[in-house]
Structure formats: C-alpha cells, structure tokens
2 protein chains.
Amino acid sequence: MPTKARITALRCAPVRFQGQVRDLAVRWVLEEAGIAYDVRLVGPEEQNSPAYRALHPFGKVPAYEDGDVALFESGAIVMHIAEKTPPLLPEEPAARARAKAWVFAALNSVDPDIIALGDIDHFAADEAWAKQRRPALAAMVQARLDAVAAYLAGREYLVDRFGAADIMMIMVLTALRHTTMIADMPTLRAYRDRCEARPAFQRALKGQLDAFAQGVTSS
Amino acid sequence: MPTKARITALRCAPVRFQGQVRDLAVRWVLEEAGIAYDVRLVGPEEQNSPAYRALHPFGKVPAYEDGDVALFESGAIVMHIAEKTPPLLPEEPAARARAKAWVFAALNSVDPDIIALGDIDHFAADEAWAKQRRPALAAMVQARLDAVAAYLAGREYLVDRFGAADIMMIMVLTALRHTTMIADMPTLRAYRDRCEARPAFQRALKGQLDAFAQGVTSS
C-alpha cells in the first residue's frame, strides 16, 4: 500500500456527470483535512479486473488507500478521514453519533430516489416507462428534500458546524444539478451555496474537472 | 432520554413486509450485543408529528435512544452498537475500517436497486411502466449480487468473522425474499442461511413478527 493517500477516479465520464462523480466527496474531505493525495484514473477495463475488484468489490470509484487502510465506498472513506480530523465530526459523543447518522441518512434515505430520478432523466427520458414513472419518483425525491429542509430551518449545517454529514449530503444533492429542485427551495439552496463556497470544495471540484479535461493522472 | 435502550418499530405493516422492516437490523445487533431494549410501536400519525421528526427527521423506523444518544438510520444505529461490542467489528484498525466500508456498501451499493425492484413488485407490478422497467432493474440487482457473491467465495462472512457488515447485508438482502434471486445463488444462499441461523437473528425476527401479530408494545 502507498504511504501517501491515494484515491481512484474515473478517466472518462459524460460532461453531464463531471462534477458529480463520487470521488468528489473524498477529494473534498481530504482537502478539508489538509491531507495530500494522489489520484489514479481508471477505466472500465481496469474496474472489472480482479486486482481492482480486490480493492473495490463493486468496481466503482472511489477506492482509497494510504499506509494504513484500503477502503471503498465514499461514505466509508469520508467517515474514516473525518474520524481522524476533529473539526469534521463533533467531539461530544452524542453529537458525534448523530453526525454519523446524517452521513448514513444522506446515503440511504436521500440518495436512492435521487439516483433513480437521474437514471430516468439521463438514460431513459424518452422511454414510455420513464415518462409514466417520473412524476411519482420526483414526488418521492421532493418529500425527502422537504424533510432535509425542515431539519435545516434555522440551522447553518446538519450538525452544529460544517462537517462530514454536510460533505455527504451535498455530494448526494449534486446529482439534482440538472433539475431546479434545489434552486426552488430557498433553505436548501442557501445550504448548498454555503457548503460549496468552501475553498476545499472548490479545490475538490477543480481536481475532478481538471482530471476529466486533461485525462492525466497525478501518480 | 430513557436509560434503557429503546427503539421504534411500525405498529402495522402488510404481511409481505413483516420480517423485513429495518428495525430488524437494530433488534438483531442489540440481541447479538446482549443489550436489553424496549420497543415503541408507531403509526403514520406519530411518524409525521413534530416530536417524532425531531427524533427521526424522515419519520421512518427505527429510531434509537438510550441514556447517551438519540439516533436514526438503521446503518448508523448498527454501527454505533457494534463499535461498543468488540465481536461485531474487528479490533485491528484496517480490518475495522474495511468492515465499516461493507456496512456502507450494503446500504448504498446493494440496497437502492433492491428497494426499487421491490417497489415495482409490491406496488406497481401491473403497471405498464413497471413491466418495461423491471428486466433492466433486475439485471442491475443481479450484477450487485454477483459482486457480493464473488467476494464471499471462500469466505464465511464479509470480514473474517460474523459482525456488523453481515447484519446490514442480510437486512438488505431480506427485501428479495419475494424472489428466488438469493435461492438461485448457492454462495449467497449459504451465506444468508448461515447468518439467519444465529439465535440472535431468530430472536430479532420473532420480536418483529410478534409485535405485528399482537399490536402491543413492550414499553
């Protein structure tokens, strides 16, 4: 294993997905933590190779390695880095546990319907089944967004101050970029803008976009 | 907050969902840990109340409280209990981090497509869009199952010995009970049977089913 942190990211992606591939969350948490990292770009052939599957059983990105661990799943990697980086998770045990609950909530209560909506809009918009399905699915997404917005009312961040939960939630909401759903909700729009204005986010986003633009790897 | 552990579960559910509501995972981890708990049954009216939303922002079950924390999201609760229960997460840091990655993988790489397939089969089987959509969705589920089975080949559990990752993966796979997808895969079938044979799982399952049968709460 490399001693310097190393992540994998996609070598190629359609323009509409650039800026929302999940290595963005891991880049972001590493930037917030001030941890230097290399990026190894991978394509479908490597993703399906036994060597890569040993690192990431589902063949996705990002995978993460440093001198101590080899991890997969953006949520797990964000949590792992945040646990070593005091500002990104509360110190107080009850608040810390609740912050972790929000990381799971982003990934299991908010993300699935958003991904399904994106699948329709990006891959099946003209299919009859998609046209029939979309209104109910959009309503399900809206209900989850309403719950997040209701919780955020009067709060700047999901838990006291900016941290791992916000990184994961913003990552998930990014997949609605092709819609106006966030823009139409003042609380969520302000929350997203507040989080995305962070220099660490901007560096992470630039890193992902630059890699797609140049198709070169830094390691 | 109560000092004794307390979870919420649904007062009513269609028979086909009994045995697969997510409080099962939390009951299971508590049974494995030997932690006594009360169950408070809730219905739609309470789930939408401001008091319940303060405990669980999405109004779902389970929510969890003890003398120290108030949590939501079955993944977060399972992780929280497992972190205090040595046999359920490896002690060695790298293996421990990877076990946590599998908890996230169950919930974010395996669960979403399974839930979407269940939504079709349980709620929309006769609709035209569902008939058109199902084959592609079933193939996506199968690809994820294939990845899990490939990883499990030669292993009894996801990480060394039975633990939090297996609890979450089995909970997720439970939602395929109405299909033969697991039964048709010898590795996954054996893995599921091995995990579900555990006395703690059997007590957790009986607890959920008894609550539905009796409609009474233990607290």
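The values are calculated or read from the model by the stated rules, or taken from the named source; none is laboratory data. Everything quoted here is computed from the prediction, not taken from an experiment. Cβ atoms come from the backbone with ideal geometry, glycine included; neighbour counts cover every protein chain shown. With ligands, DNA and RNA removed, areas are computed over all heavy atoms of the protein, side chains included. Shrake-Rupley method; radii C 1.70, N 1.55, O 1.52, S 1.80 Å.
Among the residues of the stretch A:205-219, the ones that are open to solvent by less than 70 Å² (accessible area, probe 1.4 Å) and assigned to a helix (DSSP H, G or I) come to 7 in all.
Look at (1) among the hydrophobic types (A, V, I, L, M, F, W, C); (2) in a helix (DSSP H, G or I); (3) closer than 23 Å to B:Ala94 by Cα and you find that A:Trp102 fails only one, number (3).
Residues in the stretch B:24-66 that are closer than 21 Å to A:Tyr151 by Cα and hydrophobic (A, V, I, L, M, F, W, C): 7 in all.
Residue-by-condition table, conditions (1) under 25 Å from A:Gly75 (Cα atoms); (2) touching an Asp or Glu at 6+ places or on another chain (Cβ under 8 Å); (3) surrounded by fewer than 20 Cβ atoms within 10 Å (Cβ to Cβ):
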position	(1), (2), (3)
B:Pro112	yes, yes, no
B:Phe123	no, no, yes
B:Trp129	no, no, yes
B:Asp146	yes, no, yes
B:Met168	yes, no, no
B:Leu176	yes, no, no
B:Leu188	yes, no, no
B:Glu196	no, no, yes
B:Arg203	no, yes, yes
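Checked against (1) part of a strand (DSSP E or B); (2) more than 16 Å from the chain's Cα centre (by Cα), B:Ala9 passes all but a single condition, namely (2). Taken over the stretch B:139-166, residues that are within 14 Å of chain A (Cβ to nearest Cβ) and part of a helix (DSSP H, G or I) amount to 16. Here is the figure for the stretch A:104-140: residues that are more than 17 Å from the chain's Cα centre (by Cα) and hydrophobic (A, V, I, L, M, F, W, C) total 12.
Taking the stretch B:172-189 as the range and being among the β-branched types (Val, Ile, Thr) and assigned to a helix (DSSP H, G or I) as the test, the residues that pass are B:Val172, B:Thr174, B:Thr187. In the stretch A:86-110, of all residues being touching a residue at least 12 places away in the same chain (Cβ under 8 Å) and surrounded by fewer than 18 Cβ atoms within 10 Å (Cβ to Cβ), the one that is farthest from the other protein chains (Cβ to nearest Cβ) corresponds to A:Pro87. Sort out which residues of the stretch A:121-133 are facing chain B (nearest Cβ under 9 Å) and outside any loop (DSSP other than H, G, I, E, B), and write them in order of number. Listed by number, the residues that qualify are A:Ala128, A:Trp129, A:Ala130, A:Lys131, A:Gln132, A:Arg133.
Only residues that are free of Cβ contacts under 8 Å to residues at least 24 places away in the same chain, open to solvent by less than 60 Å² (accessible area, probe 1.4 Å) and in a loop (DSSP other than H, G, I, E, B) were counted in the stretch A:40-68, giving 4. Is it true that A:Ala5 is open to solvent by 10 Å² or more (accessible area, probe 1.4 Å), of a type in the set (Gly, Ala, Ser) and modelled with pLDDT of 95 or more? So A:Ala5 does not fit the description; no.
Would you point out the residue of the stretch A:68-80, among those that are modelled with pLDDT of 95 or more and more than 14 Å from A:Asp166 (Cα to Cα), that is farthest from the chain's Cα centre (by Cα)?
Here the answer is A:Val69.
Within the stretch A:31-61, being more than 10 Å from chain B (Cβ to nearest Cβ) and closer than 26 Å to B:Glu91 by Cβ holds for A:Ala33, A:Ile35, A:Leu55.
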